[in-house]
Amino acid sequence: MNLFNHQLTVFVSVADCGSFNKAAERLYISPPSVMKQINALEKHLDLKLFERTNQGIRLTAAGQVIYRHAKYLFDYSAKAIEEARQQAAATETVFCIGSSLLNPCKPFIDLWYEVNQDFPGYRLHIVPFEDNHEGILNEISSLGEKYDFLVGACDSAEWLSLCNFYQLGTCSHCYGVSREHPLAGKKQLKIEDLYGQTVMMVKRGDSRSVDKIRNELERHPEIKIEDTPQFYDIEVFNRCARTQNVMLTLDCWKDVHPSLVTIAADWDYTIPYGLMYSKKTSEDILKFLSLLPVFQPGSSADL
């Protein structure tokens, strides 16, 4: 790409190739189109630029002068365009924020408007993605490419093996039941309330906080535990509503499924909540993180 007209581009290509046909191949146009452009340029300049002979073509003395200056202008044009692009990048930086039903970007947006006055030249771009227990690891792996940040609750060993994490607060583990469930009217559930119930939760080994809850529930043989997929998606919520099971959930997910209600538990099990970002941390990410408040357990930052 350059800032000058097409005729001059064709002229330089013909001079470089020494042939109308070869220049046509380079420019992906027909040889007659090349000759038409050269004829038009010579007419416009009122100069003969090429000598046409049986052995081929060569630049005239005037053509050599035009060629030399055209090459200089093209080089200057390329430098000008690159400088303009660098300036544009320096004056506007985009943060791409992933957003889904279970990992909405609103907490990030709220946080952004508390600090953006100290972060001039940046804007946000929201990138939606679908919650899928089979595909979520690919989404986490896309940090640094598809997304700059994902927002959510995270103590998954697999997730944390793929990204860095900046804690903003915590979410509380709760119970989810359908609106028709006998327990739906309760404000808080004790473990004894779960006797005779099936509790849905992720299998052991990936989440330390969930493993602690499983240890607690397994002390009560009256409670049946059903393993869900390793990572929740909307189908887990649908199954809870459909089967009348109890689901281990989070208070930050209380509005995910309209047919379910979220009930507090009489425990104090929480899970870290914050920003996931690439392990290959860029300077602009570090600059943004430096503006965020430092999480203090038990503070108002708990979510």
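The values are calculated or read from the model by the stated rules, or taken from the named source; none is laboratory data. Here the structure is a predicted model, which is why all the values come from computation and not from measurement. Using ideal geometry, Cβ is built from the backbone for each residue, glycine included, and neighbour counts are taken over all protein chains shown. Note: accessible area is taken over every heavy atom of the protein model, side chains too, but ligands, DNA and RNA are not part of it. Shrake-Rupley method; radii C 1.70, N 1.55, O 1.52, S 1.80 Å.
Residues whose amide H lies under 5 Å from that of LEU189, counting only those 5 or more places away or on a different chain, are ALA264, ALA265, ASP266; hydrogens are built 1.01 Å from N in the peptide plane.
Computed from point charges on the beta carbon alone (+1 for Lys and Arg, -1 for Asp and Glu), the dipole magnitude for region 203-303 about its Cα centre is near 240 Debye. Between the helical axis of 234-243 and the longest alpha-carbon principal axis of the chain there is an angle of about 30 degrees.
For region 149-262, report the convex hull volume of the alpha-carbon atoms normalised per residue, in Å³, without decimals. All intermediate terms of the calculation are to be shown ahead of the outcome.
Numbers: hull volume 12.4 nm³, N = 114.
Per residue, the Cα convex hull of region 149-262 comes to 109 Å³.
In the complete set of protein chains, residue-level accessible area for TYR175 is approximately 0 Å², probe 1.4 angstrom.
Quick one: length gained pulling LYS22 to LYS254 fully straight, 0.36 nm per residue minus the C-alpha distance?
Values: separation 232, 0.36 × 232 = 83.52 nm, distance 6.70 nm.
Taking LYS22 through LYS254 to full extension adds about 76.8 nm, to one decimal.
On region 51-135, 52 percent of the accessible area sits on carbon and sulfur atoms, based on a 1.4 Å probe. Applying a DSSP loop filter and a limit of 12 other Cβ atoms within 10 Å to the trypsin sites (Lys or Arg not before Pro) in region 252-288 leaves LYS279, LYS280.
Amide H to amide H, with H built 1.01 Å from N, GLU226 comes under 5 Å of VAL199, MET200, MET201, counting only residues 5 or more places away or on other chains.
Note on exposure: MET35, MET247 ranked by accessible area (1.4 Å probe, complete protein assembly) read MET35, MET247, with the most exposed listed first.
The convex hull around the C-alpha trace of the chain, projected and averaged over every direction, spans 23.4 square nanometres. Setting aside same-chain residues fewer than 8 positions from LYS71, which lysines have a Cα under 16 Å from its Cα? Cross-link targets: LYS79.
Its relative contact order, with pairs defined as Cα atoms under 8 Å and 6+ residues apart, puts the chain at 20 percent.
For region 139-241, compute the number of Lys pairs whose alpha carbons are separated by less than 17 Å, excluding pairs fewer than 8 positions apart on the same chain. Provide the component values of the computation, followed by the final result.
Values: LYS190/LYS212; LYS190/LYS224; LYS203/LYS212; LYS203/LYS224; LYS212/LYS224.
So the count of such lysine pairs works out to 5.
Of the beta bridges in the chain, as assigned by DSSP with both residues counted there, near 60 percent are antiparallel. Placing unit charges on each Cβ (+1 for Lys and Arg, -1 for Asp and Glu) gives the chain a dipole about its Cα centre, and among LEU124, CYS17, CYS240 the Cα reaching farthest toward its positive end belongs to CYS17. Charge dipole (Cα centre; +1 on Lys/Arg Cβ, -1 on Asp/Glu Cβ; no other charges) of region 82-231 amounts to roughly 580 debye.
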